[in-house]
Structure formats: structure tokens, C-alpha cells
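Colleague: Here it is: the structure, laid out below.
All of the numbers you see were taken from the coordinates with simple rules; none came from a lab. Treat the numbers as computed from the prediction; the structure is a model and nothing was measured. Heads up, the Cβs are rebuilt from the backbone with ideal geometry, glycines too, and the neighbour counts pull from every protein chain shown.
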Amino acid sequence: MAERLEFGLLWYDGDARRPLTAKIEEAAACYERKFGERPNRCYVHDSCIDGEMEWRGVRILRAPNVLPNHFWIGLLRQQPGGASRR
């Protein structure tokens, strides 16, 4: 995980019947209600996706340190010049 969130929301959804995108959308909506901003990053367990993907402005990345059925979602802010803040 090269980029790191300074803080975020850890979301759990163990319902195997729901698609990944529905789980992330629900987590993003909760994050937005709680913090007043739409998240743009979500880290998921390696088994959830093959590579990287994006869903409604949220970049979804694999992370070996995120447990299955958990979603580490937050806002990665960009520094002036386009570099991610670390």
C-alpha cells in the first residue's frame, strides 16, 4: 500500500449475496454523512479484487492488511502539484 490514509472509516459487511460495489457505496455514504466529504479511496482484502478498480469516484485497492469483509474507506487528499499527501 504505497498511499496511506491519515484516517478513515473501517466498514464491515459479511453478506456474501451483496456485490462489492453495493458494499462500498454504503460505506462511502456512511463516511460522507459522518465526515461531510465523499471518500476517494477504499482498501479491501486481496481476495476481493484482482487489481485496482474505481466505483463512483472511489478508487478501490487491494491491501493485505485488511481483513476479509472489511473496507478501510477514506479521503486521500492531494498536495499542491498533484502528489498524494503521506
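Colleague: State the number of residues belonging to the range 1-45 that are touching a residue at least 60 places away in the same chain (Cβ under 8 Å) and surrounded by 11 or more Cβ atoms within 10 Å (Cβ to Cβ).
Modeller: Within the range 1-45, residues that are touching a residue at least 60 places away in the same chain (Cβ under 8 Å) and surrounded by 11 or more Cβ atoms within 10 Å (Cβ to Cβ) number 8.
Colleague: Is the range 46-64 home to any residue that is free of Cβ contacts under 8 Å to residues at least 60 places away in the same chain, closer than 20 Å to ARG77 by Cβ and in contact with a Leu (Cβ under 7 Å, 6 or more places away or on another chain)?
Modeller: Yes, the range 46-64 contains a residue that is free of Cβ contacts under 8 Å to residues at least 60 places away in the same chain, closer than 20 Å to ARG77 by Cβ and in contact with a Leu (Cβ under 7 Å, 6 or more places away or on another chain).
Colleague: Here are some residues: ARG17, ARG4. Which one is basic (Lys, Arg) and more than 12 Å from the chain's Cα centre (by Cα)?
Modeller: ARG17
Colleague: For the range 19-40, give me each residue that is β-branched (Val, Ile, Thr) and farther than 14 Å from TRP72 by Cβ.
Modeller: Of everything in the range 19-40, just one residue is β-branched (Val, Ile, Thr) and farther than 14 Å from TRP72 by Cβ, namely THR21.
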